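Here's the structure we're looking at; comments come further down.
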Amino acid sequence: MGKKKQEMSQVYGSNEFIFGERGGRGKHLSSFLKNLSLTGSSTRSGEAEDDVNRNIYGELSYGPAQSMQRRSSSSVRLSGRSVSGPVGSSYAHMGVPEKNLSLYSNQSIANSNPSLKKSTKLKYKDLDDDWDADLEKVDEAPVAKTTKSFSNSNPRYDNQMPVMVDSLYPDLIPVSQPALPDKDSMDYEDLKMKMEVSRLNQLNSKYMKFHKVLTSDANIDLTELRKLSWNGIPQELRALSWQLLLGYLPTNHSRQQSTLKRKRQEYAEGINTVSNIDLDEDAANANAEASRSELSLPSTTSSNRDKQIYHQIKIDVKRTNPTIKLYGYPATQRSLRKVLFLWAIRHPASGYVQGINDLVTPFYQIFLQNYLWQLQKKRTGEGEELFIPNLLDDNDECEKAILDDPQLARLSADTFDPGRLSSRATLIIEADTYWCLSRLLDNITDNYIHEQPGIIRQVGDLRNLISKIDVELLQHFDSEGIEFLQFSFRWMNCLLMREISIPLIIRMWDTYLSETPLGFNSFHVYVCAAFLIKFSNELKHKEFQEIILFLQNPPTSGWTERDVELMLSEAFIWHSLYKNASAHLR
Amino acid sequence: MSSRKKTLLKVIILGDSGVGKTSLMQQFVNNKFSHQYKATIGADFLTKEITVDNNKQVTLQIWDTAGQERFQSLGVAFYRGADCCVLCYDVTNEKSLNNLASWKDEFLIQSNVLNPQDFPFIIIGNKIDADDSKKIPSLQKKLNNVTNNQLGGLSYPVFETSAKESINVESAFEVIAKMALQQEELNEANGNDVNDDYNDAINIHLETDNSGCAC
């Protein structure tokens, strides 16, 4: 840890130097970023110079990723999943997480153009140790040169200009339209097949990498797990990985069982102490006797404040993710009420705040999904080494029934009725959800206490960040009377869960959970900046009313993992650049 | 600034969580009701153009706020420049009725309006579609009590609505628009332009942010 900090300070020390050299307050950031993008992917073929001056966003993210797609069949990034191949391993020994590879690196270019290989490699090193040194050298001239040399070596790609497809994302070329060679159909088929094979290989190799880390004999290497997870965790390993990344599940295998047992017991006891409020209220109608004996004591013993909190939780749980079937089941709602209420009682400084009901859902959904997945695996008799300990129980009658369900292989948490679970399994899923939610919220406690100072600070940071990255947008907002609090309060309060669909939020959390410290606090602000700037061009042409309406309901319904991964990569760059700079300004 | 052709009227909807603020706004603006609204965080914003007093074309900018008390400190960002404030309660929830006065006070503190004494408020009791057995017993008496004793005896217009069955929503908002227009004209006559105020505040902030670096 100590070593890493030293490295970090070196990196950020260099950053300061860049800012000092280039204008201190990031005024020349655009040119800096431009250069950055050029060193990473200067080889965009056949594109006019002024293309370079286009929106930084497009240059940095969509551009390179897209050009990589076209460049070679061994492309690092395919169909929305960035998997680190050889490039990643070249990072590993330097202790730098394999982040934003699609931005900095371009292994396929290096392969297809030996003359670039050297400089590309140099650059990785610079990122770690002394990366401004390389940037100092980057100037218009060498850039032009590399562009040219690449064009010469790959004349075949020269005329493939990006096609404007979507007015919202002028720089985004859909994966479904790869610019494949069209003259020669043999080439086309060949390339298509190679891409598919490569994609599957990468998924498999990704899984194997996780498998290796998660099943290591001694302690699980968290640093390694973070590096892998930053780029997305395979579905089936997500619950396990999240619990490890949050520090809920011990990295030492021999301690896992006992710790989980204790934590789940603690949760159960906690629920018993707060059950003077009728947590089973809804179920009580159907089965009054059973629920009373299980959970509720006379409600006269609960304080008025507790009742208020519970009332708020109750009405919010009812309207949590109303479009997803899972959240309509009484059993789901009962579990969420219990988890939220216990958390609120245990954290009197904040209590329950609207929006926390959103934050609990990824955990609940992932842990429920994991339970189903473990049952599926149990039936086929594989993967047991990756099970979360003590989750399954051979004596559990409800579990047996699910195991015997002919539809088992097709069960998915999205539509599964948790009413089918035994009280044992329900309690485990609730307990794991409770503890993981607690760990997440520990990072953002200031967001939910009186006057929500954490959120106010984050909103201010976002504004500050935009003033550096996209001052024109800020000026436009100012002239239209837009206040950041008006649109970004919710982004902070609900961690963008109201703007982006749950599956994509879950993917984002893979990255957030891999950040140190966890990304829910400061890194999130950079993600919000990337999110806002994604719409910058449109917003600049709108008036107050349209801006607010747009940001109330940003067009993310068509988003894929690829979109959020690009956004995360961009946030990472800005985080690296400005995290230190903002301290510098104080 | 105020010489725009369209008259913009800013309306704030306040009230306890779950009384149906979002549903009221959605029913008025989009003529629909849904069980799938999530809890409002911060504030939601919708607009609608309507004609007031037979000939005057206005745009209502409606801010639908979050009901939970924790969010009250946010008011400054949303209440400023309001032309009318809608206080909502739920006719099946007595507590939401009793809280109307504190919502009004909170609004006046944070919005910093020039004429707190005669600023236009309107009261909406929502969910009249609910079963009579669920409604607050002797509602009228309790409502009178609240308006006379807690709201200062001012005769604010009161509407009983159902956002679900679209009862009285339209007529309530017609009155809201009229009241807001009067307030807007009053502000204009006083030469008060809240928006200018507001931009200055931001610019100061920007300068402080940028002036820290001395190198």
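Quick notes
- Mean accessible surface per residue for the range B:7-210, computed with a 1.4 Å probe while every protein chain stays in place, in Å²: 43 Å²
- Take the convex hull of the alpha carbons in the range A:502-545; its mean projected area over all directions comes to 4.0 nm².
- Rounded percent of accessible protein surface that carbon and sulfur make up, the range B:73-181, 1.4 Å probe: 46 percent
- When each of A:468/B:10; A:325/B:38; A:314/B:134; B:32/B:127; B:6/B:178 is checked by Cα-Cα distance, pairs over 20 Å: A:468/B:10
- Where the Cα pairs of the range A:451-585 fall when distances are cut into 5 Å bins, in %: 2, 10, 21, 25, 22, 14, 5, 1
- Residue-normalised accessible area of the range A:451-585, given per residue in Å² at a 1.4 Å probe: 26 Å²
- Portion, in percent, of the accessible area of the range A:451-585 that falls on carbon or sulfur, probe 1.4 Å: 51 percent
- Comparing each chain alone with all protein chains together (probe 1.4 Å, DNA, RNA and ligands left out), the residues of the range B:27-65 losing at least 20 Å² of accessible area are B:36, B:37, B:38, B:39, B:41, B:44, B:45, B:47, B:61, B:63.
- Protection proxy ranking, highest mean first, for peptides B:8-18, A:452-462: B:8-18, A:452-462, where packing is the per-residue count of other beta-carbon atoms within 10 Å, averaged.
- Computed log₁₀ I(q)/I(0) - Debye formula, equal Cα scatterers, no solvent, the range A:253-442, q 0.08, 0.14 Å⁻¹: -0.26, -0.80
- Once both labels are positioned 7 Å from their Cα atoms along Cα-to-Cβ, the gap between residue B:49 and residue A:417 label points is 4.9 nm.
- Interface burial in the range A:444-480, defined as at least 50 Å² less accessible area with all protein chains than with the chain alone at a 1.4 Å probe, covers A:463, A:478.
- For the range A:348-357, 3J(HN,Hα) per residue [Karplus equation, 6.51 cos²θ - 1.76 cosθ + 1.60, θ = phi - 60°, Hz, x = Gly/Pro]: x, 5, 9, x, 8, 10, 3, x, 5, 5
- Computed over the range A:367-415, the convex hull of the alpha-carbon atoms projects to a mean area of 3.4 nm².
- For the range B:7-210, the alpha carbon convex hull comes to 130 Å³ per residue, rounded to a whole number.
- Between the beta carbons of residue A:215 and residue A:557, assuming R0 = 35 Å, the FRET efficiency works out to 0.35 to the nearest 0.05.
- Between residue B:59 and residue B:117, the simple label model (points 7 Å from Cα in the Cβ direction) yields a spacing of 3.4 nm.
- On association of chains B and A, roughly 3700 Å² of accessible area becomes buried (total for both chains; probe 1.4 Å).
- Modelled FRET efficiency - R0 30 Å, residue A:501 with residue A:546, Cβ distances, 0.05 increments: 0.80
- Under a 5 Å amide H cut-off, with hydrogens placed 1.01 Å from N, residue B:160 pairs with B:125 among residues at least 5 apart or on other chains.
The values are calculated or read from the model by the stated rules, or taken from the named source; none is laboratory data. Values in this document were obtained by computation on a predicted structure and should not be read as measured data. Note: ideal-geometry Cβ built from the backbone for every residue, glycine included; neighbour counts use all protein chains shown. Accessible surface areas use protein heavy atoms only, side chains included; no ligands, DNA or RNA. Shrake-Rupley method; radii C 1.70, N 1.55, O 1.52, S 1.80 Å.
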